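Presented below is the structure to which this report refers.
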Amino acid sequence: LKSNVEVTAPGKLMLFGEHAVVYDRPCIVSAVDQRVHTEINLLSGGKIIINAPDVGVTNYESTLSHIGKNNNLPKGVRFVEQAIITFTDEYHLTNGIRVETRNDFSAEFGFGSSSAVTVGTIAGLSELMKIKMSKKQLFNLCYKTILKVQGVGSGFDIAAAIWGGTIYFVTGGKVIKPLNVGDLPIVVGYTGVKADTPSLVRKVADIRSKRFESVEKIFDDIAKIVKKSKELVSKREFEELGKLMNENQALLKKLSVSSNRLDRLIDASRQAGAYGAKLSGAGGGDCMIALCSEDRMKDVEAAINITGGKVVDVKFDSEGLKMHSRL
Ligand code: PMV
């Protein structure tokens, strides 16, 4: 058996279709060039040792029979533990392991470090244990892990971490279709506020239970936008795509998931000449995205900075899961 593997997986940004994708509608997600690195070593004893210096965890020790029981661990580490549990429910693991994770980006941005570290842990363990897994099998185990830890989610972030690129995705991986896109002229602005995705998903569930018909109609309208964007994004018809971003944002506002900060950054980008702008992800904070012509990017960046946002430099359509193993 190999005794060491390093897996890297990309973070992601949602382009179209957030929230509706939790309810059997499609979305479009793109992998970004900021990655999570997960290194796994097999140990001769039975210990499980986790290092996640980015969230202040050093040499956290446990054993297979004890992991998953400490609720005080930082979020990233809970995903690593649950990923190990999901893996060992399915496959035999006799060795101990050491897991070390490192992010290219701050977990604050909402780029999906939890999904990327989950993918890294399960892909790494299967490589070390010589278990052949298709991308879809890997997706299913990772999705199960995410649901165990946070209870809700469509799994779009897992698909982005595994496949990379830009993907048309339907809830739970019912459809995972890579689109041929390339990097996109999108400016990303961070609001400075960390959003809690599960509570925003629950908020939408609550609104849906009270206004079922109208919320379902909003989801259907979002699905139409996603389907149109799927055609336009491959043709790189950015002006039309920008309009669809604005329409998508208007519908997200109806779901009450935008915020004043997001709205201000979105308005500022549009005024600075972006084709269109919207929040990206659960809303409430995290990041907004603005699609613009190449010659407007600097103006849009300046507008975001002046309005109190922080421009985050990312490339889109980045490579999926990558494995480097050593003997
Ligand atoms: O907050 P993010 O970037 O993880 O995006 C959440 C997107 C939702 O559609 C709201 C939830 C999901 O799992 O699809």
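Quick look at the values:
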item	result
Under Karplus coefficients 6.51, -1.76 and 1.60, residue-wise ³J(HN,Hα) of segment 35-47 in Hz, glycine/proline x	10, 10, 9, 10, 10, 10, 10, 7, 10, 6, x, x, 6
Inter-label distance for Lys130 and Lys47, nm, one decimal - labels placed 7 Å from Cα along Cα-to-Cβ	2.7
Cβ-Cβ FRET estimate between Ser234 and Asp295, R0 fixed at 22 Å, reported to 0.05	0.45
Förster-model FRET efficiency, 25 Å R0, Glu213 and Val193, C-beta, rounded to 0.05	0.20
J(HN,Hα) series, segment 245-261, from Karplus relation 6.51 cos²θ - 1.76 cosθ + 1.60, nearest Hz, glycine and proline x	4, 4, 5, 4, 5, 4, 6, 5, 5, 5, 7, 6, 10, 7, 9, 4, 4
Ordering of 163-172, 233-242, 119-128 by burial proxy (mean other Cβ atoms within 10 Å per residue, highest first)	119-128, 163-172, 233-242
Extension reserve of the Ser3-Lys75 stretch, reckoned as 0.36 nm per residue once the Cα distance is removed	23.3 nm
Cα pair distances in segment 211-327, grouped into 10 Å bins until the bin that holds the longest one, percent each	13, 39, 32, 11, 4, 1
Antiparallel bridges, percent of DSSP beta bridges restricted to segment 33-145 (to nearest 5)	75
Prolate/oblate/rounded label for segment 103-151 (Cα gyration tensor, a/c 1.5)	oblate
Ser65 paired with Lys310, simple spin-label distance in nm, labels 7 Å along Cα-to-beta-carbon	4.4
Karplus-derived 3J(HN,Hα), 6.51/-1.76/1.60, for each residue of segment 282-290, Hz, glycine and proline x	6, x, x, x, 6, 10, 10, 10, 10
Average accessible area per residue (Å²) across segment 61-180 - probe 1.4 Å, nucleic acids and ligands excluded	41
Amide H contacts under 5 Å for Asp33, placed H, 5+ residues apart	Lys315
Residue-averaged 222 nm ellipticity for the chain, from DSSP H runs of 4+ at -39500 (n - 2.57), nearest 500	-13500 deg cm²/dmol
Long-range HN-HN contacts of Ser259 with modeled amide H, under 5 Å	Gly284
Globularity ratio of the chain, using Cα Rg and 2.2 N^0.38 Å	0.99
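The values are calculated or read from the model by the stated rules, or taken from the named source; none is laboratory data. From a predicted model like this one, the values you see are computed outputs, not experimental measurements. Ideal geometry is used to build each Cβ from the backbone, glycine not excepted, and the neighbour counts take in all protein chains shown. Ligands, DNA and RNA are stripped out before the accessible areas are found, and what is left, the full protein with its side chains, is counted by its heavy atoms. Shrake-Rupley method; radii C 1.70, N 1.55, O 1.52, S 1.80 Å.
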